Amino acid sequence: MAAQAAAAAQAAAAQAAQAEAAESWYLALLGFAEHFRTSSPPKIRLCVHCLQAVFPFKPPQRIEARTHLQLGSVLYHHTKNSEQARSHLEKAWLISQQIPQFEDVKFEAASLLSELYCQENSVDAAKPLLRKAIQISQQTPYWHCRLLFQLAQLHTLEKDLVSACDLLGVGAEYARVVGSEYTRALFLLSKGMLLLMERKLQEVHPLLTLCGQIVENWQGNPIQKESLRVFFLVLQVTHYLDAGQVKSVKPCLKQLQQCIQTISTLHDDEILPSNPADLFHWLPKEHMCVLVYLVTVMHSMQAGYLEKAQKYTDKALMQLEKLKMLDCSPILSSFQVILLEHIIMCRLVTGHKATALQEISQVCQLCQQSPRLFSNHAAQLHTLLGLYCVSVNCMDNAEAQFTTALRLTNHQELWAFIVTNLASVYIREGNRHQELYSLLERINPDHSFPVSSHCLRAAAFYVRGLFSFFQGRYNEAKRFLRETLKMSNAEDLNRLTACSLVLLGHIFYVLGNHRESNNMVVPAMQLASKIPDMSVQLWSSALLRDLNKACGNAIDAHEAAQMHQNFSQQLLQDHIEACSLPEHNLITWTDGPPPVQFQAQNGPNTSLASLL
């Protein structure tokens, strides 16, 4: 018995020594690998060699699975060797499923592997993997919530918003059951965002009301609480802006701006939440700041405060440049493209076509770097080119650009915006009556207007008024334009107000009612100067010149003529500069990805007549 006991003791001691030795060699290799990974610059090849050196020791399953995960992660994040990364992550996922209580390795492997599958366009492999991981992670709240978010995002990228909403609903209920009101709010707000994208407004309103209550009642980390409020308010503001309600949104926008100021004064707490399901952040503080600048620019653009839009765009782009030096998150490029899209429209209105064209080229370059970004913004890009073509009187190219944009978009508001602008092109061409009648029927503001946007419906009334004016049906034109004025005044749509006033002034001038014409043109000029809108200023100054001449006011007529001359010269100079840029060739691009290079032209090839 004593001999047996001694033998057992010897065996146990040998086993302990072996385990200790195994641990020491493993820790040494791991230490070297981490040292090489965090070197400046990182020595990834040496890091990979150290991790691969673990396997010849035939380590226990736990070490084997963890090492496969570490190798897969390093190869995925730091190299282009996706095949080896996939192989290691698949092994980590397979082995870890056989080991009890090994959740972190198991679910991180599943999460990373599905990410890699998506990058390789193997979405059909990613979905069942995530579904299985979700199924077996219900006892691990953090991973269960994270995997639900990941699968919902995957469905969103595939434009399957119904499945994504269902998953987010499941996540919200799970978070409620495990006592995480914070993460429940994140799931519900994410679902609200997708419902807004789907235009399911009847479902959005009760959901946002519930979210508002949860956010206000939740008592937790101040930064997390304020970030929920920012998410909630961003959804409210974008909902109003989508509906074209520029005046109604102001209280929400003010709250949002105050909220982001509060967040910027708060310090990040290092204390981890007691509930593992609360271990989520919606966006970093710096990203939220850019997002608030972005929605402020969207509001300023719609309201016609273009100098304010320029100011906030400059701030946001400066912040983005700093962030992109340290952070390659795709959302930053999305923010940059949306900001540029809005400032390009501002430039076209303020008479800076050359700058607008260079910024359109910048958007093209950003889209060349990311196929997904191009897929999401191709229609907007062609729409912007169409607006540029209109501004330089290339009407055939404008028509081609708008037609291309219509083919590429499923977004109802963008569709209505494009159709409205295409209709104005046909009106200016004067010989496209059949196509024009067809378009006007599709955006008839008097009945069954296709979108709920207040702003777009007001614009549709304006286009109807413009068409009636060109056809000499002045009473009908006045009815449409008064409707536009009523709607644009109700929501502070300054550009539409200015355009309607000057067109009404033109109608009264043609009818010989000089006094009423003056009553329209003077406020139109004041508003256009405030925006500033160069085309309306040019139009208004020409009308004021003719009005004063007709009324015998020689001094005022001379002053208005001088103003008109100045505006004409500015616009003409900008026109020539824009058409001389090599980027002007973009107006002929209507198919495929954005062209990489532009050939310089000898000079402008567009008509300048309508500017003079």
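The values are calculated or read from the model by the stated rules, or taken from the named source; none is laboratory data. Just so we're clear, the structure is a prediction, and the values are computed from it rather than from any experiment. With ideal geometry, Cβ positions are generated from the backbone for all residues, glycine too; neighbour counts draw on all protein chains shown. What goes into the accessible areas is simple: the full protein's heavy atoms, side chains included, and nothing from ligands, DNA or RNA. Shrake-Rupley method; radii C 1.70, N 1.55, O 1.52, S 1.80 Å.
Restricted to helices (runs of 4 or more DSSP H) entirely inside the range 123-184, those with at least 3 residues that are within 24 Å of Leu210 (Cβ to Cβ) are 141-157, 161-177.
Scanning the range 123-136 for residues that are touching a helix residue (DSSP H, G or I) at 6+ places or on another chain (Cβ under 6 Å) and closer than 13 Å to Trp93 by Cβ turns up Ala125, Ala126, Leu129, Leu130, Ala133.
A single member of Ala379, Ala398, Ala416 is closer than 18 Å to Cys455 by Cβ, small (Gly, Ala, Ser) and part of a helix (DSSP H, G or I), and it is Ala416. With respect to the stated conditions, Ile331 is open to solvent by 50 Å² or more (accessible area, probe 1.4 Å) and within 21 Å of Tyr293 (Cα to Cα). For the range 180-211, the set of residues classified as polar (S, T, N, Q) and surrounded by fewer than 22 Cβ atoms within 10 Å (Cβ to Cβ) consists of Gln202, Thr209, listed by residue number. In the set (1) touching a residue at least 40 places away in the same chain (Cβ under 8 Å); (2) assigned to a helix (DSSP H, G or I), Asn393 fails one condition alone, (2).
Go through Arg442, Arg464 for me and flag whichever is surrounded by fewer than 17 Cβ atoms within 10 Å (Cβ to Cβ), among the basic types (Lys, Arg) and in contact with a Pro (Cβ under 8 Å, 6 or more places away or on another chain). Sole residue among the options that is surrounded by fewer than 17 Cβ atoms within 10 Å (Cβ to Cβ), among the basic types (Lys, Arg) and in contact with a Pro (Cβ under 8 Å, 6 or more places away or on another chain): Arg442. Does Lys322 qualify as being open to solvent by 30 Å² or more (accessible area, probe 1.4 Å), among the charged types (D, E, K, R) and touching a residue at least 12 places away in the same chain (Cβ under 8 Å)? Answer is no for this residue. For the range 334-348, the criterion of being crowded, with 20+ Cβ neighbours inside 10 Å, of a type in the set (Asp, Glu) and within 16 Å of the chain's Cα centre (by Cα) is met by at least one residue. Being at pLDDT 95 or above, more than 16 Å from Gly592 (Cα to Cα) and in a helix (DSSP H, G or I): is that true of Tyr437 here? In short, no.
Among the residues making up the range 404-419, a single one is in contact (Cβ under 8 Å) with a residue 60 or more places away in the chain and farther than 24 Å from His239 by Cβ: Thr404. Is there a residue in the range 539-546 that is of a type in the set (Lys, Arg) and open to solvent by 70 Å² or more (accessible area, probe 1.4 Å)? No, the range 539-546 contains no residue that is of a type in the set (Lys, Arg) and open to solvent by 70 Å² or more (accessible area, probe 1.4 Å). From the residues in the range 564-609 that are of a type in the set (A, V, I, L, M) and open to solvent by less than 60 Å² (accessible area, probe 1.4 Å), which one is modelled with the lowest pLDDT? Ranking the candidates gives Leu608 first. Within the range 368-380, being touching a residue at least 60 places away in the same chain (Cβ under 8 Å) and under 13 Å from the mean Cα position of the chain (by Cα) holds for Arg372, Phe374.
Of Ser500, Ser453, all but one fail to be open to solvent by less than 50 Å² (accessible area, probe 1.4 Å), touching a Leu at 6+ places or on another chain (Cβ under 7 Å), touching a residue at least 24 places away in the same chain (Cβ under 8 Å) and on the phi < 0 side of the Ramachandran plot; the exception is Ser500. In the range 212-260, the qualifying residues are those that are part of a helix (DSSP H, G or I), touching a residue at least 60 places away in the same chain (Cβ under 8 Å) and over 17 Å from the mean Cα position of the chain (by Cα), and the one that is surrounded by the fewest Cβ atoms within 10 Å (Cβ to Cβ) is Ile223.
Residues in the range 419-430 include at least one that is out of contact with any Cys (no Cβ under 6 Å at 6 or more places or on another chain), small (Gly, Ala, Ser) and surrounded by fewer than 21 Cβ atoms within 10 Å (Cβ to Cβ).
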